[in-house]
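Working notes, beginning with the structure itself.
The values are calculated or read from the model by the stated rules, or taken from the named source; none is laboratory data. From a predicted model like this one, the values you see are computed outputs, not experimental measurements. In this analysis, Cβ positions are derived from the backbone assuming ideal geometry, glycine residues included, and neighbour counts consider all displayed protein chains. Calculation scope for accessible area: heavy atoms of the full protein, side chains included, ligands and nucleic acids excluded. Shrake-Rupley method; radii C 1.70, N 1.55, O 1.52, S 1.80 Å.
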Amino acid sequence: MSGNNFRGVSADQDGRFGDKMKKMIKSTKFPAHFETKVDMKKVNLDVMLPWITEQVSEYLGFEDEVVIGYVESQLRETDGARVDPKKMQLSLTGFLEANTPPFMRELWALLVSAQENEHGIPTKFLEKKKEELREKREEQERIAASLQAKREEVERAMAAEAAKLRREKEDASASSPAAAREERDGRERSGRRRSRSRERNDRRSSYDRDRDYDRRRGRDRYDDRERGGRPRRRSRSRDRGDRGGRGGRDAGPDEFGRERVPPPPPPPPPPPPPPPPPPRAKADGGESSDGRKSAGDNA
């Protein structure tokens, strides 16, 4: 052999190193709709992810984030390459095993339906959402009808009770007019008694205010005399408070929440001293007790 040239076959030409994926694709039977190409740019993948999570969790018996993330990565196109459902099914066989064909068959049917709709949502999902909204609306209508029926039943019962009471009252009035007249007179007497009681309370309150005012005025006059006759200046608000107005010194409860008790009246002032007795004149004309002579001596 000249020139150190080696002759033989390449790896592609050697059957031992052939593409195993192509052999598996040729040997596996796939659904007919796998031949339909799907443009993932027209599919709303965010709507598909909840369905994928639900199906994978149902097949595996638990929520496997690794498998869910792998399916999502297979559906997202990279470098402009389209998703091949056949290769994707063979890749997922190691995770889902016998559940892979039904999963991929339903998934690809939804993707084909989604790319044909305007918003990229499968028709099955739209119909399911409409059905849920219809059932919810019917449930609300049933609840509203039930509430309306109960309300009408309560109103009928109240109307029947009111009619019954009205008939009993009319029968009682028709059978005993004297009793009805006595009942009316009793109501009038009760109203008059309440009016008289209210008037007594008003008079008693006015009397109490006047009595308290007189007590405080007397106490103030006594204090003025004790200070030597210097009157104490009083403000208008103090006078209003003494008369029972708002903000008085003894008005309202004290700091412990108890009603204030008016102070006792001050003791009466001491009586003035008696005047001295008048001088008495002597009968014999002598001098009086103050050294003055009587009128007879001057004569």
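State whether one or more residues within segment 109-126 are part of a loop (DSSP other than H, G, I, E, B), open to solvent by 70 Å² or more (accessible area, probe 1.4 Å), out of contact with any Lys or Arg (no Cβ under 7 Å at 6 or more places or on another chain) and not acidic (Asp, Glu).
yes
Residue-by-condition table, conditions (1) within 18 Å of ALA114 (Cα to Cα); (2) open to solvent by 30 Å² or more (accessible area, probe 1.4 Å):
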position	(1), (2)
ASP19	no, yes
LYS22	no, yes
LYS26	no, yes
VAL47	yes, yes
PHE62	no, yes
VAL67	no, no
LEU92	no, no
LEU96	no, no
